[in-house]
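For reference, the structure discussed in these notes is given below.
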There are 2 protein chains.
Amino acid sequence: MKPQSPTLFDVARRAGVSTATVSRCLNFPDKVTPKTRERVMATVTELGYAPNFGARAMVTQRTNTIGAIIPTMENAIFARGLQAFQEELGAHGFNLMVASSSYQRELEVAQVRSLVARGADALLLIGHIRDPQIYPFLEKQDVPALVTWTYDPDATRPSVGFNNRTAMRDMARKVIGSGHRHLAMISAPLARNDRAQGRLLGLKDAMEEAGLNPSKLHLTEKPYGIENGATAFAELIDQDRPPTAIFCGNDVLAVGALRRAREMGIEVPRDVSIIGFDDIELSQVTHPMLTTVHVPHREMGKQAAQVLVRHLIDGHPIESIALATDLRLRASLGPPR
Amino acid sequence: MKPQSPTLFDVARRAGVSTATVSRCLNFPDKVTPKTRERVMATVTELGYAPNFGARAMVTQRTNTIGAIIPTMENAIFARGLQAFQEELGAHGFNLMVASSSYQRELEVAQVRSLVARGADALLLIGHIRDPQIYPFLEKQDVPALVTWTYDPDATRPSVGFNNRTAMRDMARKVIGSGHRHLAMISAPLARNDRAQGRLLGLKDAMEEAGLNPSKLHLTEKPYGIENGATAFAELIDQDRPPTAIFCGNDVLAVGALRRAREMGIEVPRDVSIIGFDDIELSQVTHPMLTTVHVPHREMGKQAAQVLVRHLIDGHPIESIALATDLRLRASLGPPR
DNA sequence: TTGTATAATGCAAGCGCTTACATTACGCTG
DNA sequence: CAGCGTAATGTAAGCGCTTGCATTATACAA
């Protein structure tokens with residue numbers, strides 16, 4: 001069968017000491033005579049010993065591990081924020097375990113259970129909307145959770161993020177301010193996605209303010225992906241009274257729209273303005289460059305990590321943090337024809 | 001202090017059965033009377049019980065978890081391949097734990113130890129080059145590892161990936177075949193990156209074949225990033241005899257180059273051809289569209305998962321798989337001026 | 001009713017580790 | 001060199017779970 005991997009006991013026997021000594025050697029090196037320490041350490045290397053994490057966690061009741069569940073790793077904005085999150089955690093001696101839910105409600109529930117079972121000391125979650133059973137479960141397990149990628153002043157749970165609604169509203173004001181009246185939006189699927197919903201609401205807020213009828217908004221929902229943005233653009237533009245400005249739920253969709261516009265011989269921003277959201281690097285390589293809402297993804301990941309670490313270390317309460325977004329007005333936005 | 005989260009014992013007591021019964025209830029539901037099962041399950045929900053993974057792993061010696069260490073999550077190609085890897089694992093009842101090494105050798109060692117300690121049944125690693133101590137360690141721990149993102153016929157360890165060298169050579173042949181003689185390359189940092197090294201070698205192979213002196217190649221190394229591609233392009237083009245074709249280590253660098261070209265008023269491909277590698281979605285939204293080497297990232301992730309799962313389940317040996325790449329000749333490549 | 005085969009359940013060991021407490025070794029002082 | 005204080009090390013319990021084996025309940029036949 002599988003040759004057992006070396007255990008504390010193996011090391012102890014080989015080094016001629018007790019398991020307690022080996023354990024101390026590893027965890028509190030100065031509690032042990034230099035001579036013994038050397039011998040033990042040598043044995044550790046020789047045997048290729050690695051402490052069994054589960055066993056340790058079982059007795060210490062701590063894993064120094066934080067779990068994160070993101071919808072998908074394929075979306076660059078999650079990847080970027082998470083990378084920053086991990087870096088900050090690492091700086092404080094914490095580890096990160098990532099799982100992805102593929103935007104599926106049940107899968108998220110399963111991932112939460114899995115991460116908790118694996119001993120996550122805390123959880124990072126994206127957005128406020130999820131299976132409600134998750135919260136009582138986390139409470140019973142006494143695992144704190146922090147919501148990110150959104151900041152909702154009305155939400156009861158703490159979150160570190162930005163206000164999707166006001167961010168989009170500000171952008172929409174600007175666009176409307178430059179004369180646009182016929183608006184459309186290519187949104188990410190709205191169901192169970194409060195970030196997408198917030199962005200849509202923000203746009204409608206601005207329309208209302210400007211005396212436009214929000215129900216006149218041409219709305220189409222498309223999953224994340226360049227190709228989908230292209231398809232949606234074609235749909236929207238192929239109408240009797242096509243919009244003069246198209247808001248996109250994220251930059252990836254916007255880039256797809258931009259591409260299709262070029263393919264169709266529609267000039268941006270002369271014929272139509274296109275607006276993104278996120279300000280990923282990509283938005284600066286398109287031609288024309290994309291007008292978009294800048295979101296401090298890395299900063300968000302970093303701050304989320306700090307909040308969690310503070311809580312875990314000195315019991316500091318988990319606080320909400322609202323991060324500012326700002327508008328990046330670039331060439332894809334112009335006055336309507 | 002921290003209120004203990006519920007244990008098997010708590011559930012057992014509350015449901016009036018033994019821990020063994022609860023355990024069976026969870027793992028082999030049909031080994032238990034429907035009546036008891038119901039009662040136990042209700043208690044489980046009521047208490048918000050989640051089995052302690054570490055404890056379970058300790059006794060079963062199996063975690064059904066596979067660890068993956070990637071250089072960074074911020075690179076879309078890793079994210080994409082990994083997502084596919086995870087999906088395939090999930091289909092076979094395995095979980096994924098991801099860690100990122102930030103391209104740092106020591107960090108990778110630490111992550112390997114960490115994942116092994118956490119009970120990873122197997123490991124997915126990127127590329128062949130790493131701290132050599134990792135391999136004996138994995139052997140002693142009896143944790144199989146699979147290398148991906150590259151396939152090197154000369155390597156002793158199994159890998160699932162593609163041959164970076166021949167892929168780039170084929171592309172270079174094509175480019176040289178269309179008349180280019182003055183070549184340059186914007187490579188990812190070569191140190192400890194066999195994929196990058198392979199691509200460079202492939203380019204040199206083709207030069208040699210064509211009677212060009214490989215040492216005449218203008219080479220510059222830049223980390224992953226659009227901005228870096230732009231900077232590198234400016235450097236290369238600003239020479240006495242600028243290259244007529246610029247190979248890039250990946251699409252992201254290429255896109256940066258493309259952008260800078262436009263900014264500098266240099267027309268692609270009339271003034272200079274630009275070639276990428278990876279064929280990420282992005283390469284089709286640039287203008288002109290990017291000529292690049294298509295890599296089946298998702299397929300690679302999927303196959304890697306299958307190899308590992310087969311090995312873990314029926315002891316099937318870990319085999320190497322070479323995946324084919326192909327050329328996507330698009331508008332960014334043209335004949336030299 | 002009793003006996004028996006079988007299904008359901010319980011008991012208890014042990015997975016690899018940490019740590020409180022007990023024991024031993026060491027270095028001094030008087 | 002005895003006696004003591006302190007540092008180093010050892011002993012053993014127990015973290016939460018699974019599982020082989022022992023025990024008890026159940027169903028059915030005689």
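Assorted remarks:
- Residue that is nearest to the other protein chains (Cβ to nearest Cβ), among those in the stretch B:8-22 that are hydroxyl-bearing (Ser, Thr, Tyr) and surrounded by fewer than 17 Cβ atoms within 10 Å (Cβ to Cβ): B:Thr19
- Qualifying positions in the stretch A:232-251 - without any contact (Cβ under 8 Å) to a residue 60 or more places away in the chain and within 23 Å of A:Phe78 (Cβ to Cβ): A:Ala232, A:Asp251
- Residue tally, condition within 13 Å of another protein chain (Cβ to nearest Cβ), under 27 Å from A:Arg337 (Cβ atoms) and of a type outside the set (A, V, I, L, M, F, W, C), over the stretch A:268-322: 7
- Extreme residue, nearest to DNA strand D (Cβ to nearest atom), among residues of the stretch A:56-78 that are touching a strand residue (DSSP E or B) at 6+ places or on another chain (Cβ under 8 Å) and assigned to a helix (DSSP H, G or I): A:Phe78
- Qualifying residue in the stretch A:4-24 (condition: in contact with an Asp or Glu (Cβ under 9 Å, 6 or more places away or on another chain), more than 8 Å from DNA strand C (Cβ to nearest atom) and touching a residue at least 12 places away in the same chain (Cβ under 8 Å)): yes
- Selection count where residues are more than 14 Å from chain B (Cβ to nearest Cβ) and near DNA strand D (Cβ under 10 Å from one of its atoms), scope the stretch A:30-55: 10
- Residue ID - farthest from A:Arg192 (Cα to Cα), chosen from residues in the stretch A:58-85 that are over 27 Å from the mean Cα position of the chain (by Cα) and within 8 Å of chain B (Cβ to nearest Cβ): A:Met58
- Spans of helices (runs of 4 or more DSSP H) in the stretch B:86-202 with at least 3 residues out of contact with any Lys or Arg (no Cβ under 7 Å at 6 or more places or on another chain) and away from chain A (no Cβ under 14 Å): B:164-177
- Members of the stretch B:50-76 found to be under 26 Å from B:Ala188 (Cα atoms) and at pLDDT 90 or above, listed by number: B:Gly67, B:Ala68, B:Ile69, B:Ile70, B:Pro71
- Residue within the stretch A:1-21 that is of a type in the set (A, V, I, L, M, F, W, C), over 27 Å from the mean Cα position of the chain (by Cα) and modelled with pLDDT under 90 present: yes
- For the stretch A:185-215, a residue qualifies if it is of a type in the set (Gly, Ala, Ser) and under 25 Å from the mean Cα position of the chain (by Cα), and the qualifying residues are A:Ser187, A:Ala188, A:Ala191, A:Ala196, A:Gly198, A:Gly202.
- Here the condition is being free of Cβ contacts under 8 Å to residues at least 60 places away in the same chain and away from chain A (no Cβ under 14 Å); of B:Arg260, B:Arg328, it holds for B:Arg328 alone.
- Taken over the stretch A:163-191, the criterion of being in contact with a helix residue (DSSP H, G or I) (Cβ under 6 Å, 6 or more places away or on another chain) and free of Cβ contacts under 8 Å to residues at least 24 places away in the same chain is satisfied by no residue.
- Conditions (1) within 24 Å of the chain's Cα centre (by Cα); (2) over 30 Å from A:Leu124 (Cβ atoms); number of the one not met by A:Met264: (1)
- Neighbours by Cβ (under 9 Å, 6+ apart or cross-chain): first from the stretch B:209-228, within 13 Å of chain A (Cβ to nearest Cβ); second part of a helix (DSSP H, G or I) and among the acidic types (Asp, Glu): B:Gly225/A:Glu281; B:Ile226/A:Glu281; B:Glu227/A:Glu281
- The residues listed here are A:Leu89, A:Leu115, A:Leu96, A:Leu82; of these, the one that is within 16 Å of DNA strand D (Cβ to nearest atom), under 25 Å from B:Pro71 (Cα atoms), touching a residue at least 24 places away in the same chain (Cβ under 8 Å) and crowded, with 21+ Cβ neighbours inside 10 Å is A:Leu115.
- Options A:Thr231, A:Thr286, A:Thr244: the member that is surrounded by fewer than 19 Cβ atoms within 10 Å (Cβ to Cβ) and either polar (S, T, N, Q) or within 24 Å of the chain's Cα centre (by Cα) (or both): A:Thr231
- Given (1) more than 30 Å from B:Ser283 (Cα to Cα); (2) of a type in the set (Lys, Arg); (3) surrounded by fewer than 19 Cβ atoms within 10 Å (Cβ to Cβ), index of the condition A:Arg165 fails: (3)
- Subset of the stretch B:263-275 that is free of Cβ contacts under 8 Å to residues at least 40 places away in the same chain and part of a loop (DSSP other than H, G, I, E, B) - its residue that is nearest to B:Arg173 (Cα to Cα): B:Val272
- Residue selected from the stretch B:55-70 under the condition within 13 Å of DNA strand C (Cβ to nearest atom) and touching a residue at least 12 places away in the same chain (Cβ under 8 Å), by the criterion farthest from B:Leu123 (Cα to Cα): B:Ala57
- Residue count for the stretch A:203-223 satisfying the condition of being part of a strand (DSSP E or B) and of a type outside the set (Val, Ile, Thr): 3.
The values are calculated or read from the model by the stated rules, or taken from the named source; none is laboratory data. As the structure is a computational prediction, the values presented were derived from the model and not from experiment. A quick note on method: Cβ atoms are made from the backbone with ideal geometry, for glycine too, and the neighbour counts reach across all protein chains shown.
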